[in-house]
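Below is one structure, written out as structure tokens, with a few remarks after it.
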Amino acid sequence: MRTVRRRLLIAATILFALGLGIALGSGPLNRPADVLPGMDAPSTSADAGTTAFETTYINKTGGGVLDNRLKGHAVAIITAAGVEPAQVDVVAQGLKMAGATVVGRFGFTEKLTDPANRQFADSVARQSALKVKSVADGQNSYDRVGAALVRALIGKVGDAPDDTAETIWSAFDEGGLVSGDAPDKYGDAVVVISGPGRKASVSTVVAGLTRAIDEGTKGTVLAGPSASSLTSGAVAELREDGDDATVSTVDVTNSAAGGVLVARALTRDIAGKPGAWGTPRSADGALP
């Protein structure tokens, strides 16, 4: 009976959100997002042999460098559109080498990061999390969406999501706003991985969601390939916060060492020392 009630609630939530989106004139809710630019071109300065060596070296030495710094922490990985699966694997490997548990790989869909669907996403968040104070207190749409996602993914490490968390995730899933299997364990930290796409409007949404998610976690990192820290990239967008930044950033997920840097950055972030690391564009240098 409880499952039936949840399904009815989710259906009502989606219908309400659809109706509100149309009423507010936000445009067709299923309008496809603009295609993001392609991934970085492969480097001409490194051949396959060099890449293989770097990967092997990191795999052999990364554990010692990371020294179980994230032991006891559980991390949810969230990807935005355009992310290379291999880069997600690199990040996941780095987190595991640091002793963290990866509780799942989830995704922001193009529908969620398309600003045309802001009202719809906001409605799904508010209706599926009616009694969640952090959602009600959100200052804007993406604050509320991020708070709702936190309620679905973040909690006491090792615990299974409760009814409220399951309802929120199911509503977002049914609305086409997230991807991935439903979480079966809570995390306490989040790594968001962006692609290289530099469409300003999408990057603004990804950065806004990441900021909001950070409010409800022990630590949050926004990571991406080198192109993500160029003008209008998601990492560049977040780095514009400057000294007020509370989310750590890494812009080298397209390197063999990317996973190690993300794990070290998350360690620093959890300790209350956020920063920006990676390429020479990173204010705090190459390595946390």
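Read the figures in this text as sums done on the coordinates, not as results from a lab. It should be emphasised that the depicted structure is a prediction, and the values quoted were computed from it without experimental measurement. Here the Cβ positions follow ideal geometry from the backbone for every residue, glycine too, while neighbour counts run over all protein chains shown.
Values computed for the structure shown
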quantity	calculated
Footprinting exposure proxy for Glu110, Glu174 (fewest neighbouring C-beta atoms within 10 Å first)	Glu174, Glu110
Amide hydrogen neighbours beyond the local backbone of Ala74, cut-off 5 Å, H modeled	Thr101, Asp188, Ala189
Distance cut-off 24 Å, percentage of C-alpha pairs in segment 94-200 lying past it	23 percent
Segment 279-286 - phi-based ³J(HN,Hα) in whole Hz, Karplus 6.51/-1.76/1.60, Gly and Pro as x	5, x, 6, 7, 4, 9, x, 7
From phi via Karplus (6.51, -1.76, 1.60), per-residue ³J(HN,Hα) for segment 253-258 in Hz, x at Gly/Pro	5, 8, 10, 4, 8, x
Ranked Tyr186, Tyr142, criterion: other C-beta atoms within 10 Å, fewest first	Tyr186, Tyr142
Translational D in µm²/s for segment 186-288 (Stokes-Einstein at 4 °C, 1.567 mPa s, Kirkwood Rh from C-alpha pairs)	100 µm²/s
Amide proton proximity set for Val157, modelled H, under 5 Å, gap of 5+	none
Fewest-first ranking of Glu166, Glu215, using other Cβ atoms within 10 Å as the exposure measure	Glu215, Glu166
